[in-house]
1. So which residues in the range 4-23 are part of a helix (DSSP H, G or I) and free of Cβ contacts under 8 Å to residues at least 24 places away in the same chain, if there are any at all?
2. Scanning the range 34-51 for residues that are open to solvent by 60 Å² or more (accessible area, probe 1.4 Å) and of a type outside the set (D, E, K, R), which turns out nearest to Leu63 (Cα to Cα)?
3. Any residue at all in the range 14-27 that's among the acidic types (Asp, Glu), modelled with pLDDT under 85 and open to solvent by 60 Å² or more (accessible area, probe 1.4 Å)?
4. Cβ-Cβ under 6 Å, sequence separation 6+ or interchain: first residue in the range 58-84 and farther than 29 Å from Asn123 by Cα and open to solvent by 90 Å² or more (accessible area, probe 1.4 Å), partner part of a helix (DSSP H, G or I) and at pLDDT 80 or above. Which pairs?
5. Name the residue that is modelled with the highest pLDDT, counting only residues in the range 61-98 that are among the β-branched types (Val, Ile, Thr) and more than 15 Å from the chain's Cα centre (by Cα).
Amino acid sequence: MQKSQRLVQMIMRINAKKSFTVKELADEFGLSSRTITRDLQELSELGVPIYSIQGRGGGYKLLQERLLPPISFSESEAIAMFFALQSKDYFSSVPFGEGADSALHKFYHYLPADVREQIDRLNLAAGKRCPNIRSN
């Protein structure tokens, strides 16, 4: 297994656990504790919110705001997700506000330019401008 694949699988495994030890991950992945420790350090440097608990019964945990692994969408799925996120603007008491706006911003800006242009055309056809996602 390539290192990049292992790191993605490791993110998925540790996201599913409340806490874990280096030994548990080493046993699961069939690797040395030293390799797992290096991988955890690399994940931490990449922004995965891992922290260690020292002493007896210690190990590692994730902070509340976990990062999700990358998800691949088809173009039509990406456009559907974008408009689904935008639909929250039509509800006055939806509790997602800032989180949904941040997700919409990230989602829009990481789409390929041609898909963003398609979304912009659909927005204009619907009479809606999206100033909250444009960073021009």
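The values are calculated or read from the model by the stated rules, or taken from the named source; none is laboratory data. These figures come from a predicted structure and were not determined experimentally. With ideal geometry, Cβ positions are generated from the backbone for all residues, glycine too; neighbour counts draw on all protein chains shown. Areas reflect the complete protein model, heavy atoms only, side chains present, ligands, DNA and RNA absent. Shrake-Rupley method; radii C 1.70, N 1.55, O 1.52, S 1.80 Å.
1. Passing the criteria: Ser4, Gln5, Gln9, Arg13, Lys23.
2. Looking at the filtered set, the residue picked out is Tyr51.
3. no
4. Here the result reads Arg66/Asn15, each pair linking the range 58-84 to a residue that is part of a helix (DSSP H, G or I) and at pLDDT 80 or above.
5. In this case the residue turns out to be Ile79.
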